[in-house]
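Worksheet for the structure shown next.
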Amino acid sequence: MKLNIGSVVRANAGRDKGSFFVVTSIDKDFCTIVNGKSRKLDKPKRKNLKHICPTNSMIEIKDITDKKLRTLLKEFSQAE
């Protein structure tokens with residue numbers, strides 16, 4: 001599956017394993033992810049692309065706040 005900015009992903013490795021995040025930027029082998037709680041929009045986490053698993057969902061991150069992002073990602077955790 002193709003990874004885009006705004007894609008909802010699940011972390012497969014690290015201390016945040018199993019958590020859902022949103023991609024904010026993509027480099028060659030890395031991306032930056034946020035979840036609005038431990039990783040806020042102003043301080044994203046740099047993550048290796050091998051350590052994330054994309055879902056089929058997208059979130060528009062253009063004018064989103066940390067609170068709204070937490071609310072949207074909570075739905076993914078509850079559906080688990």
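Going through the stretch 28-80 one residue at a time, which ones are touching a Ser or Thr at 6+ places or on another chain (Cβ under 8 Å), part of a strand (DSSP E or B) and within 18 Å of residue 13 (Cβ to Cβ)? Of everything in the stretch 28-80, those that are touching a Ser or Thr at 6+ places or on another chain (Cβ under 8 Å), part of a strand (DSSP E or B) and within 18 Å of residue 13 (Cβ to Cβ) turn out to be 31, 32, 33, 34, 45, 46, 47, 54, 55.
Test residue 9 against the stated conditions and say whether it is assigned to a strand (DSSP E or B) and in contact with a Pro (Cβ under 8 Å, 6 or more places away or on another chain). So that I can check it myself, show each step before the final result.
Working: assigned to a strand (DSSP E or B): yes; in contact with a Pro (Cβ under 8 Å, 6 or more places away or on another chain): yes.
The answer is yes for residue 9.
Could you tell me which of the residues 55, 32 is modelled with pLDDT of 95 or more, surrounded by 11 or more Cβ atoms within 10 Å (Cβ to Cβ) and under 18 Å from residue 3 (Cβ atoms)?
32
Residue pairs whose Cβ atoms lie under 7 Å apart, separated by 6 or more positions or on different chains, with the first residue in the stretch 1-15 and on the phi > 0 side of the Ramachandran plot and the second assigned to a loop (DSSP other than H, G, I, E, B) and open to solvent by 60 Å² or more (accessible area, probe 1.4 Å), are 6/60. Within the stretch 1-29, restricting attention to residues that are surrounded by fewer than 18 Cβ atoms within 10 Å (Cβ to Cβ) and among the aliphatic types (A, V, I, L, M), the residue that is modelled with the lowest pLDDT is 1.
The values are calculated or read from the model by the stated rules, or taken from the named source; none is laboratory data. These numbers were taken from a predicted model, which means no experiment stands behind them. A quick note on method: Cβ atoms are made from the backbone with ideal geometry, for glycine too, and the neighbour counts reach across all protein chains shown. Note: accessible area is taken over every heavy atom of the protein model, side chains too, but ligands, DNA and RNA are not part of it. Shrake-Rupley method; radii C 1.70, N 1.55, O 1.52, S 1.80 Å.
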